[in-house]
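Below is one structure, written out as structure tokens, with a few remarks after it.
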Amino acid sequence: MWLAVLAGSLTITQGVTGENIGPTRYCWISKVEPYVSSAAILPLVFDTFTFIAITMQIVRKSHMDKNVGNVVQAIVSGHQLQPTMYSTLRGIQVYYL
């Protein structure tokens, strides 16, 4: 997935065309190929998968009953999580937002 993000980000170099603005030394983007949108979509997908994976590991490693109510409460409020797990979860949530 990381390589897909890298490859998607490289599409900007090939899919964007610029033109001069009249006699000035400045330019503007005149044409953008449709596949350039992968440069924005792939990092979002990667971050989403990373967020889900880290959250699942934190919940799996916590010492609590694994029913839906407790899991949602742990993800939202950090209830029944160890301090390091809680701070890691908050950090990844802040990054994702």
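The values are calculated or read from the model by the stated rules, or taken from the named source; none is laboratory data. Every value quoted in this text rests on a predicted model; they were computed, and no experiment measured them. Using ideal geometry, Cβ is built from the backbone for each residue, glycine included, and neighbour counts are taken over all protein chains shown.
Identify, please: which residue in region 44-73 is at pLDDT 85 or above and crowded, with 17+ Cβ neighbours inside 10 Å and is, among those, farthest from W2 (Cα to Cα)?
V71
The conditions are (1) closer than 30 Å to Q80 by Cβ; (2) within 25 Å of the chain's Cα centre (by Cα), and I41 fails exactly one of them. Which is it?
Only one criterion is unmet by I41, namely (1).
So, of the residues in region 46-90 that are assigned to a loop (DSSP other than H, G, I, E, B) and of a type in the set (A, V, I, L, M, F, W, C), which turns out to be nearest to the chain's Cα centre (by Cα)? Steps first, please.
Initial filter on region 46-90 (assigned to a loop (DSSP other than H, G, I, E, B)): 62-67, 78-82.
Keeping just the survivors that are of a type in the set (A, V, I, L, M, F, W, C) gives 64, 81.
Working: M64: 28, L81: 24 Å.
So, considering only residues that are assigned to a loop (DSSP other than H, G, I, E, B) and of a type in the set (A, V, I, L, M, F, W, C), the one nearest to the chain's Cα centre (by Cα) is L81.
Give the residues of region 74-97 that are surrounded by 15 or more Cβ atoms within 10 Å (Cβ to Cβ) and without any contact (Cβ under 8 Å) to a residue 12 or more places away in the chain, sorted by residue number. Give the derivation first.
Applying the first criterion (surrounded by 15 or more Cβ atoms within 10 Å (Cβ to Cβ)) to region 74-97 yields 74-75, 78, 80-81, 85-86, 88-89, 92-93.
Selection gives Y86 alone.
Among what's in region 1-54 and is charged (D, E, K, R) and touching a strand residue (DSSP E or B) at 6+ places or on another chain (Cβ under 6 Å), pick the residue that is farthest from L97 (Cα to Cα).
Within region 1-54, the match that is farthest from L97 (Cα to Cα) is E19.
If G18 meets every condition in (1) loosely packed, with under 11 Cβ neighbours inside 10 Å; (2) not in a helix (DSSP H, G or I) apart from one, which number is that one?
The failed condition is (1).
Sort through V5, V32 and tell me the only one that's among the hydrophobic types (A, V, I, L, M, F, W, C), surrounded by 10 or more Cβ atoms within 10 Å (Cβ to Cβ), touching a Leu at 6+ places or on another chain (Cβ under 7 Å) and over 15 Å from I92 (Cβ atoms).
Details: V32 fails: touching a Leu at 6+ places or on another chain (Cβ under 7 Å).
Selected residue: V5, the only one of V5, V32 that is among the hydrophobic types (A, V, I, L, M, F, W, C), surrounded by 10 or more Cβ atoms within 10 Å (Cβ to Cβ), touching a Leu at 6+ places or on another chain (Cβ under 7 Å) and over 15 Å from I92 (Cβ atoms).
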